[in-house]
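Trainee: Take a look at this one; I'll ask things after.
The values are calculated or read from the model by the stated rules, or taken from the named source; none is laboratory data. Just so you know, these numbers come straight off a predicted model, no measurement behind them. Positions of Cβ are backbone-derived with ideal geometry, glycine not excepted, and every protein chain shown enters the neighbour counts.
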Amino acid sequence: MSYKNLPGKFARLACVLSAFLSINCSISYSQTYNTKVLDSFLRASESRGITQGVVLLSRHNKVIYKKAFGYANSQTNTKNDPDTKFRLASLSKTITSIAIMQLVQNNKLKVTDRISDILDWYPRPMGNFVSIQNLLTMNSGIPSYTNNYDFLNIVSRSNSFSVQSFVLSYCYPAALLFQPGCDSVFNYSNSNYYILGAVIEKLSGKTYADYVTENIFKPLGMSNSGYYSNTATYTNMSSAYTVMPATTVAEYMDNTCAYSTGGLYSTVGDLFKLDQALYSNVILSQPNVQEIFKNRYPAQQANEWMYGWQFLLPTTTAYVYKTGVLPGIRTLFIRGLADSSTVIMLNNNDNNNSTGENMIINMLTFLATGNISKSAPIQQDISIPMVSKYNKQGVDSAIAFFNKINGSAAAANYELSDAELLTVGQYLTQQNDFTGANKIFALLTATYPASIYATYKAK
């Protein structure tokens, strides 16, 4: 798989990390860190409406930076603090993969088992072709339910399906996109991890929420983590905000739709506990941890999906990452497997630069040198001026602005990605401008034909 197939803003991340590795190889345990410089950098990012959340950095198993920025709830003027809870979005997949490997460890499951071996109600013959490992590694050929138009416009607002009914309605396609297990094909599909949640429930006899709480969160003392419910009341839980074009409460999404693909919440402190546990045998034996982070693809394919994570560089210093995206949420988890380094960023706004490439360059440069990069300023989201143009002059003006910037020298000052255009299209959909939204989605498809969002349309 080429880097261009990576979701959105992370298409060039592997190149960024190769530069980081060249610096990192000479750093000693005694590296000092200028946290005042990092504070100044992140406060400036906060002032521009980019960083709104909590940032944790560690190296050699030691936290070297942990700070909060922006508001957890702007209506009540409640600021984020280091222990604020955030919805994890797709970072939840990393925990789902651990749960699956616990079942493997307890001899309740083999990754070579087929879906229908476990879920006897999943239709054959498709269920006989797709293995648990195909689901874990995103090469099952099952398309993502989040690309289904009915799901986006109806079900995500109010989900009345049981887990089994949801799987049969949205995770059982008329046809597979490709042959399951094909090494050269990758398709990011939330359906894979939704099905894995059903597998966990069937084999454990517990709900997904109860299983991860009892077998992962409680053993690790992750008392600020759990399965998010739209109807529950939480202490110190952040609200989600969109920055399009001004700060507003993000659109509602029924969290039962996120389920085992993106339905959990946590804090940076709890996720650091999880990070540290993966160096031990507390919740999973090291051989099974190594199975999670094993590169199963040819050497020339330097960036591939593992079990819940993506592998960045197959070098002696390996880096893995996972991102999360929900309305009003941007999350990032990077693990340096060789030097026990960590970057955790949980944000309760949907500014893509809050976990964007230049932000990551600066976080990793700080870990490597104790300073930040002067060559990677935080860029402006192209979606923000596009929406401003739209509100003043209409969708054609917004598209003209994008086309003027894209490919020009001015592009260096903006975040340009498929995710940015998706944000604009979703904003227009919220305004009930479906014609305008479809123009934006057509621009997305034409500009980023390999994007996982290229099939989006508004009704």
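Trainee: Give Ala258, Ala240, Ala246, Ala232 a once-over and let me know the one that is at pLDDT below 90 and small (Gly, Ala, Ser).
Mentor: None of the other options fit; the residue is Ala246.
Trainee: Counting just the residues of the range 384-400 that are crowded, with 18+ Cβ neighbours inside 10 Å and either assigned by TED's automatic domain parsing to the domain that holds Ile334 or hydrophobic (A, V, I, L, M, F, W, C) (or both), which one comes out nearest to Tyr319 (Cα to Cα)?
Mentor: Per the criteria, the residue is Ile384.
Trainee: Also: Please list, ordered by residue number, the helices (runs of 4 or more DSSP H) wholly in the range 124-228 having 2 or more residues that are at pLDDT 95 or above and small (Gly, Ala, Ser).
Mentor: Working: elements: 126-129, 132-136, 163-170, 190-204, 208-212.
Once the helices (runs of 4 or more DSSP H) in the range 124-228 are filtered for at least 2 residues that are at pLDDT 95 or above and small (Gly, Ala, Ser), what remains is 190-204.
Trainee: What are the residues in the range 62-89 that are touching a Phe, Trp or Tyr at 6+ places or on another chain (Cβ under 8 Å), within 30 Å of Pro287 (Cα to Cα) and surrounded by 23 or more Cβ atoms within 10 Å (Cβ to Cβ), if any?
Mentor: Correct list: Arg87, Leu88.
Trainee: Moving to a separate point now. Modelled with pLDDT of 90 or more, of a type in the set (Asp, Glu) and out of contact with any strand residue (DSSP E or B) (no Cβ under 7 Å at 6 or more places or on another chain): is that true of Asp120 in this structure? Step through it out loud before you land on a result.
Mentor: Working: modelled with pLDDT of 90 or more: yes; of a type in the set (Asp, Glu): yes; out of contact with any strand residue (DSSP E or B) (no Cβ under 7 Å at 6 or more places or on another chain): yes.
Criteria met by Asp120.
Trainee: Quick one: which residue in Thr331, Thr365 is polar (S, T, N, Q) and closer than 30 Å to Tyr193 by Cβ?
Mentor: Thr331
Trainee: Let me ask another. Six or more apart or on different chains, Cβ atoms under 6 Å: show the pairs whose first residue is in the range 116-133 and free of Cβ contacts under 8 Å to residues at least 24 places away in the same chain and within 15 Å of Cys171 (Cβ to Cβ) and whose second is in a helix (DSSP H, G or I) and aliphatic (A, V, I, L, M).
Mentor: Gly127/Ile115
Trainee: Could you grab me the full set of residues in the range 86-139 that are of a type in the set (Lys, Arg) and closer than 28 Å to Val325 by Cα? Don't jump to the end; show me each part of the working.
Mentor: Just the residues of the range 86-139 that are of a type in the set (Lys, Arg), to begin with: 87, 93, 108, 110, 114, 124.
Matches in the range 86-139: Arg87, Lys93.
Trainee: Of all residues in the range 100-142, which are under 27 Å from the mean Cα position of the chain (by Cα) and polar (S, T, N, Q)?
Mentor: Gln102, Gln105, Thr112, Ser131, Gln133, Asn134, Thr137, Asn139, Ser140
Trainee: Name the residue that is surrounded by the most Cβ atoms within 10 Å (Cβ to Cβ), counting only residues in the range 319-359 that are more than 14 Å from the chain's Cα centre (by Cα) and of a type in the set (A, V, I, L, M, F, W, C).
Mentor: Ranking the qualifying residues of the range 319-359, first place goes to Met359.
Trainee: Okay, next question. Is the range 236-259 home to any residue that is in a helix (DSSP H, G or I) and farther than 28 Å from Ser160 by Cβ?
Mentor: no
Trainee: Across the range 324-362, which residue is nearest to Ser90 (Cα to Cα) among those that are part of a loop (DSSP other than H, G, I, E, B) and among the polar types (S, T, N, Q)? First the steps, then the outcome.
Mentor: Start the filter on the range 324-362 by keeping residues that are part of a loop (DSSP other than H, G, I, E, B), which leaves 327-328, 337-340, 348, 350-351, 356.
Filter again for among the polar types (S, T, N, Q), leaving 340, 348, 351.
On the way: Ser340: 22, Asn348: 14, Asn351: 16 Å.
Going through the qualifying residues, I end up with Asn348.
Trainee: Return yes when Thr78 is in the same structural domain as Ala277 (by TED's automatic domain parsing), at pLDDT 95 or above, more than 29 Å from Ala338 (Cβ to Cβ) and among the hydroxyl-bearing types (Ser, Thr, Tyr) and no when it is not. Spell out how you get there, then give the answer.
Mentor: On the way: in the same structural domain as Ala277 (by TED's automatic domain parsing): yes; at pLDDT 95 or above: yes; more than 29 Å from Ala338 (Cβ to Cβ): yes; among the hydroxyl-bearing types (Ser, Thr, Tyr): yes.
Considered against the rule, which asks whether it is in the same structural domain as Ala277 (by TED's automatic domain parsing), at pLDDT 95 or above, more than 29 Å from Ala338 (Cβ to Cβ) and among the hydroxyl-bearing types (Ser, Thr, Tyr), Thr78 comes out as yes.
Trainee: Would you say Tyr211 is crowded, with 20+ Cβ neighbours inside 10 Å, among the aromatic types (Phe, Trp, Tyr) and assigned by TED's automatic domain parsing to the domain that holds Tyr297?
Mentor: Yes: the conditions hold for Tyr211.
Trainee: Just the residues that are under 16 Å from Glu251 (Cβ atoms) and surrounded by fewer than 17 Cβ atoms within 10 Å (Cβ to Cβ), please, taken from the range 425-457.
Mentor: Answer for the range 425-457, where residues must be under 16 Å from Glu251 (Cβ atoms) and surrounded by fewer than 17 Cβ atoms within 10 Å (Cβ to Cβ): Gln430, Gln431, Asn432, Phe434.
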